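What follows is calculated from the coordinates using simple rules that are stated; it is not laboratory data. In this text, all values refer to a predicted model and were calculated from it rather than measured experimentally. Don't worry about glycine lacking a Cβ; one is built from the backbone with ideal geometry, like all the others, and counts go over all protein chains shown.
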Amino acid sequence: MFSFFKKKPVAPEAPEVQIPAPAPAAAVTTATADAPVPAPLMPIEEPAQKQSWMTRLKAGLSKTSNNLSLLFVGAKIDEDLYDELEAALLMSDAGVDATGYLLDALRQKVKDEKLLDAAAVKAALKQLMIELLTPLQRPFELGRHQPMVMMIAGVNGAGKTTTIGKLAKHMQSNGQSVLLAAGDTFRAAAREQLMVWGQRNNITVISQASGDPAAVSFDAVQSGKARGLDVVMIDTAGRLPTQLHLMEELKKVQRVIGKGMEGAPHETLLVIDGNTGQNALAQVKAFDDALKLTGLVITKLDGTAKGGVLAAIARVRPVPVYFIGIGEKIEDLQPFVAAEFVDALLP
Ligand SMILES: Nc1nc2c(ncn2[C@@H]2O[C@H](COP(=O)(O)OP(=O)(O)O)[C@@H](O)[C@H]2O)c(=O)[nH]1
Ligand SMILES: [Mg+2]
């Protein structure tokens, strides 16, 4: 079993938040009054699982890593190299801004550090990419609120419902009690999907045939409070940021959640399909403008995704990336770790 959540320390003298049930040993770092800052969690504790995850992440991003790596094979440090690098970064979905930034920073580093061979320049680029992406890395902390209310948004097919399922299972194995709300009332099949999944996994799903997403969400928050649960996750119907009335509806859902519990939703996540290219950036901007996102989940990095879009996000709209997904299994969702990701992009 591996785990990737971090529990925020709860001050013993101000217990307005109940401390959740004890988690399985080694799953979650807990804090004492003497040592209030938990050590960072190892996302995956078993070396074999860790290796398998990295192998699959590398395979998923191999298009970009091949392009980038080949550039440096026996290369001279000249304008041609920078030109080819620019093209490769643009092709990776990094976008004009991040590409320009990385190239300028690399030229400067090559000059300052008097780098002469291709391997050193590659290492310098890798370092710059890690520095660029590290601000996006943030551990997901459990136990900050009871219940902690999370709203999950995104376009159709991005992987919202799948991600909710995976997160719910991970949270359960961290000793959290979870309630789901089938806020995708637009398609009956979507409601069914979550209900069936909930039954199979023994997780309560709040659903309403009437089909008002705000009402379902409100009920779920009330129910989570009444039952003293740890986490309420609210699924929403997919929508494009250009569908203005649907974006208004989403804002309403968020407002109504806040009426159910002061300060909720505590997390508003956007799920993005990693294959969407530069459009992912447009999605982040639009959903963030509408909802003030607290985090992102990037899915499907196992397919044809090129991965560079994270650099674009880091430069243009740095919303933290809590998790990345590389497949449909539970363990295929893991925390985003900048150094690992760059290692997959530029081995
Ligand atoms: N390959 C792959 N498929 C995924 C991943 N995440 C989700 N999917 C698939 O993408 C499809 C749409 O997912 P779903 O959760 O229903 O999307 P939603 O419309 O946003 O709720 C489903 O077939 C999922 O199994 C991932 O990380 N990798
Ligand atoms: Mg769905």
Gain on full stretching of the segment that runs from ASP117 to ASP212 - 0.36 nm per residue minus C-alpha separation: 28.1 nm
Where in the chain is the longest stretch that carries no trypsin sites (Lys or Arg not before Pro) classed as loop by DSSP and with at most 15 other Cβ atoms within 10 Å? 1-75
Counting only C-alpha contacts under 8 Å and six or more residues apart, can you give the relative contact order of the chain as a whole percent? 24 percent
Can you work out the FRET efficiency for the pair GLN49 and LYS251, with r the C-beta to C-beta distance and R0 = 41 Å, to the nearest 0.05? 0.55
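Suppose every K and R has +1 on its Cβ and every D and E has -1 on its Cβ; what is the size of the dipole of the chain about the Cα centre, in Debye to the nearest 20?
Using only the charged Cβ atoms, the result is roughly 600 debye.
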Put a dot 7 Å past each Cα toward the Cβ at GLN172 and ARG227; how far apart are the dots in nm? 1.2 nm
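Given LYS166/LYS292; LYS166/LYS252; LYS76/LYS285, which pairs have Cα atoms separated by over 30 Å?
LYS76/LYS285
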Once you place label points 7 Å from the Cα toward the Cβ at ASN201 and MET91, how far apart are they in nm? 3.8 nm
Scan of the chain for GluC sites (Glu not before Pro) in DSSP loops with at most 12 other beta-carbon atoms within 10 Å gives a longest site-free stretch of 114-261
Within the chain, what percent of beta bridges assigned by DSSP are antiparallel, to the nearest 5? 10 percent
Just want the ordering: HIS266, HIS170, from fewest to most Cβ atoms lying within 10 Å of their own Cβ. HIS266, HIS170
Enumerate the lysines that LYS6 could reach by cross-link, defined here as Cα to Cα under 16 Å, with residues fewer than 8 away along the same chain left out. LYS169
In whole percent, what relative contact order does segment 44-202 give with Cα contacts below 8 Å and a gap of six or more residues? 12 percent
